[in-house]
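The structure appears below as structure tokens.
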Amino acid sequence: MEMDLGRIGIWTNQLNGLKAAELRDTLQEIEGLGYGALWQGESATGREALTNAALTLSWTDRIVAATGVASIWARDAAGLASAQRMLCESFPYRFLLGLGVSHEGQITARGHDFDTKPLTAMGHYLRSMDIQPAGVLPHPPAPPPRVLAALGPAMLDLARDHAQGAHPFLVTPEQTKAARDVLGPGRILAPELGVLLETDAEAARTVLRGEIKSRLGYPNYRRSLLNQGFTEADLADGGSDALIDRLFAWGSISDVAQRVEEHIASGADHVALYALRPRSGQVPLEEWRELATII
């Protein structure tokens, strides 16, 4: 057996406010819609990633639970390696660990000093995970897989050589092609894609500028977008039309399906759809139901 992500999954940070019973029902509906994987983000104020994954796996039967992504600053490498082994042994081929270096504000909010280069920090963390002895823990049926929130070439190199692939955020199909060129064959490439089912251009771009505004303040995203060919002018005032239109898929279901196919044709194995709504924070059940028609 191998892990089966399917071509299309869901990326979401919109479930944190649900109580346990409501979360269980929502997770089971998502699985019933046919999505291959559910990627859930992590922040200092949301659910802890590994506990959340355990709940997801316990309350579902088939769908892959993926962290999108777990912060390396939220727990030490030994604890994460142990938790990953436990989940992969208990739920074979259904847990995918996505790891990221987070952002300065979120790191300092956890009480850490932001004084280590992200690439250095990630490399040290991965090596520390790898040297942790399994001890008396049962071994999973296959080595526990991990992917990195890799954007730049150096982090993609790390994802190729010390992980099973990459889970990039805020990327164009062209960047997906560049990532595949670095990763080569046989490595997972699962980009996140923000989508909005709104056919009015002005209304759609207004919502999407609201979504991306805070992210444009993060240096790593700005560097990534500039490396993808955008200019400082594209990053100003919430993002140019060109920036919004290439990073996000907005419009009809067929428009979204076309953008998914662009990423697949560019080398993605799997696309994680981040369904957005005019009001942020709402659980987009209606959108997930409609997007399931393109699986």
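The values are calculated or read from the model by the stated rules, or taken from the named source; none is laboratory data. These numbers come from a predicted model, not from an experiment. Cβ: placed from backbone, ideal geometry, glycine included. Neighbour counts: every protein chain shown. The area values use the complete protein model at the heavy-atom level, side chains included, leaving out ligands, DNA and RNA. Shrake-Rupley method; radii C 1.70, N 1.55, O 1.52, S 1.80 Å.
Restricting to the range 278-295, name every residue that is touching a strand residue (DSSP E or B) at 6+ places or on another chain (Cβ under 7 Å) and part of a loop (DSSP other than H, G, I, E, B). Listed by number, the residues that qualify are Pro284, Ile295.
Being without any contact (Cβ under 8 Å) to a residue 40 or more places away in the chain, closer than 18 Å to Gly98 by Cα and open to solvent by 30 Å² or more (accessible area, probe 1.4 Å): is that true of Arg24 here? So Arg24 does not fit the description; no. One residue stands out among those in the range 27-60 that are touching a residue at least 40 places away in the same chain (Cβ under 8 Å) and closer than 17 Å to Phe91 by Cα: the one that is nearest to the chain's Cα centre (by Cα), which is Trp39. The residues of the range 209-233 that are modelled with pLDDT of 95 or more, buried (at least 16 other Cβ atoms within 10 Å of the Cβ) and touching an Asp or Glu at 6+ places or on another chain (Cβ under 9 Å), listed by number, are Arg209, Leu225, Gln228. Among the residues of the range 259-288, those identified as closer than 22 Å to Gln175 by Cα and among the aliphatic types (A, V, I, L, M) are Val260, Ile264, Ala265, Ala268, Val271, Ala272, Leu273, Ala275, Leu276. Cβ-Cβ contacts under 6 Å between residues 6 or more apart (or on different chains), taken from a first residue in the range 136-150 that is modelled with pLDDT under 85 to a second residue that is surrounded by 11 or more Cβ atoms within 10 Å (Cβ to Cβ), are listed as Leu137/Arg85.
Listed here are the residues, each with its yes/no results for (1) open to solvent by less than 10 Å² (accessible area, probe 1.4 Å); (2) within 18 Å of His139 (Cα to Cα); (3) among the small types (Gly, Ala, Ser); (4) assigned to a strand (DSSP E or B).
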{"position": "Leu55", "(1), (2), (3), (4)": "no, no, no, no"}
{"position": "Ser58", "(1), (2), (3), (4)": "no, no, yes, no"}
{"position": "Arg62", "(1), (2), (3), (4)": "no, no, no, no"}
{"position": "Trp73", "(1), (2), (3), (4)": "no, no, no, no"}
{"position": "Gly79", "(1), (2), (3), (4)": "no, yes, yes, no"}
{"position": "Glu89", "(1), (2), (3), (4)": "no, yes, no, no"}
{"position": "Tyr93", "(1), (2), (3), (4)": "no, yes, no, no"}
{"position": "Leu99", "(1), (2), (3), (4)": "yes, no, no, yes"}
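Taking the range 236-258 as the range and being of a type outside the set (A, V, I, L, M), crowded, with 23+ Cβ neighbours inside 10 Å and over 13 Å from Glu198 (Cα atoms) as the test, only Gly239 passes.
Please enumerate the residues belonging to the range 152-187 that are open to solvent by 30 Å² or more (accessible area, probe 1.4 Å) and small (Gly, Ala, Ser). Quick ask: steps written out before the conclusion?
Quick first cut of the range 152-187, residues open to solvent by 30 Å² or more (accessible area, probe 1.4 Å) only: 153-154, 157, 160-162, 164, 174-175, 177-178, 180-182, 185-187.
Selection gives Ala154, Ala178, Gly186.
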